[in-house]
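A short worksheet on the structure shown next.
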């Protein structure tokens, strides 16, 4: 009978979890609160609302010790009127704000890109995303973020979170742990995947009847390589090779050797 590595994978996923009482989370929350206070002070009635979204809000962000590219997304919804300020205008406002409160005062790196303005604080990127909101009387409101300097594209920052919560609930709480495991593989193997796209791909998978172990194996086998770059395909092929060797060790009741194969693709903490 094959030995199980399910409990070990759960333990690894827990180690990849950015815990709410960790020093890192305390620092991040303090920076978020400070940034929101400064936004309100500087831009005041120009802002309709602002909120954190992305992997930090979805509880799938990894510690910086594992994922050096982890960032915090903050959407800033402006009071938009029909005479149409451009996306570039809003990004300029955010860039001027970031320069004043962080670059000029503390020497923090500030970068204006598309569609964000990024502020680097304590080695963590805070991405300020400008947005406008269209309000309808008899249908849900719509949010738009910049697509270039003058165009807008529709977005729903809660859509991914809602789908993840639903999937995680439906599959007995294994989806978030599997996402953390797969994101840990991704960021320690040269980021073959865009982290967001990897997360959405796994969220859409069917994990009926799985535990963390079988679900992790399923996710590895189902990674989409269609239209993938050679680099990405090579990384997925290597991942599958190592996991297949791990499975062989499990079938031979050799748990120590199985862990060795596993940690050729997943980091130790």
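Extension gain, residue 169 to residue 6: 0.36 nm times the residue separation minus the Cα-Cα distance gives 56.8 nm. For the chain, the longest principal axis of the alpha carbon atoms and the long axis of helix 212-222 meet at an angle near 80°. Based on the reciprocal of the average 1/r between different C-alpha atoms, the Kirkwood radius for the stretch 23-155 equals 15.4 Å.
The length gained by stretching the chain between residue 103 and residue 197 to full extension, at 0.36 nm per residue less their Cα-Cα distance, is 30.7 nm. Name all residues of the stretch 153-175 having a backbone nitrogen under 14 Å from the label point set 7 Å from the Cα of residue 49 along its Cα→Cβ direction, giving them as ranges. Backbone N within reach: 156-159. For the chain, averaging the sequence separation of C-alpha pairs within contact (under 8 Å, six or more residues apart) and dividing by the residue count gives a relative contact order of 20 percent. Mean sequence separation of contacting Cα pairs (under 8 Å, at least six apart), scaled by the length of the stretch 23-155, corresponds to a relative contact order of 22 percent. Across the stretch 104-243, Cα-Cα pairs farther apart than 27 Å form 41% of the total.
Calculate how steeply helix 23-43 sits against the longest principal axis of the alpha-carbon atoms of the chain, using the helix alpha-carbon long axis, and give the answer as 0 to 90 degrees to the nearest 10. Tilt of helix 23-43: around 20 degrees.
Helix 230-251 and the longest principal axis of the Cα set of the chain meet at an angle near 40°.
For the peptides 112-118, 87-93, residues were scored by their other Cβ atoms within 10 Å and the scores averaged per peptide; the highest-first order is 87-93, 112-118. Between the beta carbons of residue 120 and residue 21, assuming R0 = 30 Å, the FRET efficiency works out to 0.75 to the nearest 0.05. Taking other C-beta atoms within 10 angstrom as a stand-in for reagent exposure, 269, 110 fall in the order 269, 110, fewest first. Can you compute the FRET efficiency between residue 251 and residue 30 using 1/(1 + (r/R0)^6), with r the Cβ-Cβ distance and R0 = 45 Å? Round to the nearest 0.05. Once the sixth-power term is evaluated, E becomes 0.40. Here the chain is treated as a Stokes sphere of Kirkwood radius computed over C-alpha pairs; at 20 °C and 1.002 mPa s its diffusion coefficient rounds to 105 µm²/s. Between the beta carbons of residue 151 and residue 222, assuming R0 = 35 Å, the FRET efficiency works out to 0.50 to the nearest 0.05.
Bear in mind these aren't lab numbers, they're just calculated from the coordinates by the rules spelled out. All figures in this text were calculated on a predicted structure; none of them were measured in a lab. Reconstructed Cβ throughout: ideal geometry from the backbone, glycine too, with neighbour counts over all protein chains shown.
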